[in-house]
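Since every read-out is calculated from the coordinates, none of them should be taken as a lab result. All figures in this text were calculated on a predicted structure; none of them were measured in a lab. Reconstructed Cβ throughout: ideal geometry from the backbone, glycine too, with neighbour counts over all protein chains shown.
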Amino acid sequence: MPDIEYEDFVKFSFFKLDRAWRSLSVKEKEDSRSEFASVVEELGASGNLRSYSTVGTRADVDFMLLQNSPTVETFHETAKRINSTHLAAYLDEPHSYLSVRRKTRYKHGGGSPDLKDDYRYFIIYPMVKTRLWYEKSMEERQKMMNDHFRMGHNYPMVKINTTYSFGLDDPEFVVGFEMDDPSDFVSLVMDLREVPAAQFTLSETPIFTTINMPIAEALSALG
């Protein structure tokens, strides 16, 4: 077995609020928001849980919770706590991804697989490569990835976070990019479309543009 450096598991959970919640009394809404925020803040006290809003950027989800842990069981316990809240009765989870951080097999790139900085925006999408990509030799793939990495180095203001979901979930990768100006990411993606490795991408949707903020602030945007 190759010596591969694995780190934490990662869970991306996207939630959508049922519009029926908005018909509750002001007090019921305030209480349910407060309870939910308290639970999330308690779970995130160790720094391994972050919240992001998608209000105004995505129609099918309202906020995202991003959690990392050495064990998958942590995500079960988090979901259990969340499901016990009053707000959970009005929440759907249209999208969810499970992955793991590990050192890239390619030299000179791969990005920093952690979330230690406080960038304003975090753009996430699942990705699947074509089968033809894996038929290429490692040398051929490394050469194409070198072009990919060189293009990325032209945008130091955009930080990449690559996680791996082979066998854990439907995608092969869950890729995230942090930045303070989303227009920088648009330019980066346009340039990356022109590198040879791009032709071996089978899918990279849905794409979620999220805004980093405390959970109480994210919930206040729900009405």
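Can you give the charge dipole size of the chain about its Cα centre, rounded to the nearest 20 debye, using +1 on the beta carbon of Lys and Arg and -1 on the beta carbon of Asp and Glu? Don't jump to the answer; show the numbers that get you there.
On the way: 26 positive and 35 negative charges, 71 e Å.
With Lys and Arg at +1 and Asp and Glu at -1, about 340 debye.
Of Thr205, Asn154, Gly167, which is farthest on the positive side of the dipole of the stretch 111-209, counting Cα position, with +1 on Lys and Arg Cβ, -1 on Asp and Glu Cβ, and the Cα centre as origin?
The residue sitting most towards the positive pole is Gly167.
Which FRET efficiency value, to the nearest 0.05, is calculated for Tyr106 and Asp169 with the Förster distance at 25 angstrom and r the Cβ-Cβ distance? Numbers along the way, then the final one.
On the way: r = 22 Å, r/R0 = 0.86.
After rounding, the FRET efficiency stands at 0.70.
Given 0.36 nm per residue, what is the gain on full extension from Asp18 to Asn146 after removing their alpha carbon distance, in nm?
Values: separation 128, 0.36 × 128 = 46.08 nm, distance 4.52 nm.
Length gained, Asp18 through Asn146: 41.6 nm.
Got a sec to turn the phi values of the stretch 77-82 into Karplus ³J(HN,Hα) couplings, 6.51 cos²θ - 1.76 cosθ + 1.60 with θ = phi - 60°, whole Hz, x for Gly and Pro?
Along the stretch 77-82, the couplings run 5, 4, 4, 4, 5, 5 Hz.
For the stretch 111-209, what is the charge dipole size about the Cα centre, in debye to the nearest 20, if Lys and Arg each add +1 at the Cβ and Asp and Glu each add -1 at the Cβ?
On the way: 10 positive and 17 negative charges, 56 e Å.
Charge dipole, the stretch 111-209, about its Cα centre: 260 debye, nearest 20.
Determine the gain in length on full extension of the stretch Leu192-Asp60; use 0.36 nm per residue of separation and subtract their C-alpha separation, reporting nm with one decimal.
Taking 0.36 nm per residue and subtracting the Cα distance, the gain is 44.8 nm.
Only helical DSSP H runs with n ≥ 4 go in: add -39500 (n - 2.57) per run for the chain, normalise by residue count and round the 222 nm mean residue ellipticity to 500 deg cm²/dmol. Don't skip to the answer; put the middle values down first.
Details: 6 runs with 66 residues, N = 223.
Theoretical 222 nm ellipticity from helices: -9000 deg cm²/dmol.
Cα-based count: Lys pairs in the chain below 17 Å, eight or more positions apart or different chains?
Number of lysine pairs found: 9.
Could you point to the residue in Thr104, Met145, Ala88 farthest towards the positive end of the stretch 28-151's charge dipole, with +1 and -1 charges on the Cβ of Lys/Arg and Asp/Glu respectively?
Met145
With the dipole of the chain worked out from charges on the C-beta (+1 for Lys and Arg, -1 for Asp and Glu) around the Cα centre, which of Leu222, Pro196, Leu49 lies farthest toward the positive end?
Positive-end residue among those listed: Pro196.
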